[in-house]
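What follows is a set of notes on a single structure, which appears directly below.
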Amino acid sequence: MPVFFSALGVVLVGALIYYLSSPANQAEANIALKHKDAAVVDLGRAVYAENCASCHGGALEGQANWQQRDADGYLRAPPHDETGHTWHHPDSYLFLMTKYGIEEMIGKSYPNNMPAYEDKLTDEEILAVLSYIKSTWSGRIQSQHDQINARAKAQ
C-alpha cells in the first residue's frame, strides 16, 4: 500500500505543477461550483446519472477496492462522496480534470479509465455535475472544500 500512495503522490504533485503552470489554469481560474443553486444541482444530478453513475455509483460510492489497481493496472473509479478524495481538490482542478482528463493535466500517458468529457459535456454540464457532487457533502466537508478553494485562489 505505501508504494501505491507514493505513486499516487507523484502523480498528484505532477498534476498540480502542470495545473498551476498551464494556460488552461489561467482560462479557468474563475471556476466556482454552485452547490446551493437548486436548478444547477438538479441538472447535475441528471447528467451524473447518465454519464458518471455507471462507474462512480448511483450514490457516489465508487467501485469496490477503488484504491487498488485492477488486473490490467488501472485504478477503479473512486467515490465522490465524503469517503473519496474529490473534495480534496479545488473547483478549478476538478473542472479541468473532468473536462480534459488526467493525461492532459499531467502531460503524459497514465493508465486510467476516466474519459475526458471535453467533447461529451458542455462546461455548464460539467460544472453542474461537480456542483451536484458537492451538494451531497456534509456542511463540514463543504467548509473544508471552500478553504481548499480559497488557498488555491490565493496562489
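Read-outs: derived from the displayed coordinates by stated rules, not from any lab. All values derive from a computational prediction rather than experimental measurement. Ideal geometry is used to build each Cβ from the backbone, glycine not excepted, and the neighbour counts take in all protein chains shown.
Below is a table of values for the structure above.
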quantity: Net charge of Cβ neighbours under 12 Å - reference residue 76; Lys, Arg +1; Asp, Glu -1; calculated: -2
quantity: Note, ³J(HN,Hα) from phi for the range 107-118, Karplus 6.51, -1.76, 1.60, rounded to Hz, x at Gly and Pro; calculated: x, 7, 5, 8, x, 7, 9, 6, x, 7, 9, 3
quantity: Amide H contacts under 5 Å for residue 62, placed H, 5+ residues apart; calculated: 57, 80
quantity: Whole-Hz couplings from phi, Karplus 6.51/-1.76/1.60, listed for the range 41-46; x for Gly and Pro; calculated: 4, 4, 4, x, 4, 5
quantity: Sites residue 100 and residue 141, calculated FRET efficiency, Cβ-Cβ separation with R0 30 Å, nearest 0.05; calculated: 0.75
quantity: Contact order relative to length of the range 18-155, as percent, for alpha carbon pairs under 8 angstrom and 6 or more apart; calculated: 33 percent
quantity: Under Karplus coefficients 6.51, -1.76 and 1.60, residue-wise ³J(HN,Hα) of the range 123-140 in Hz, glycine/proline x; calculated: 4, 4, 5, 4, 4, 5, 4, 5, 5, 4, 4, 4, 5, 8, 6, 5, x, 5
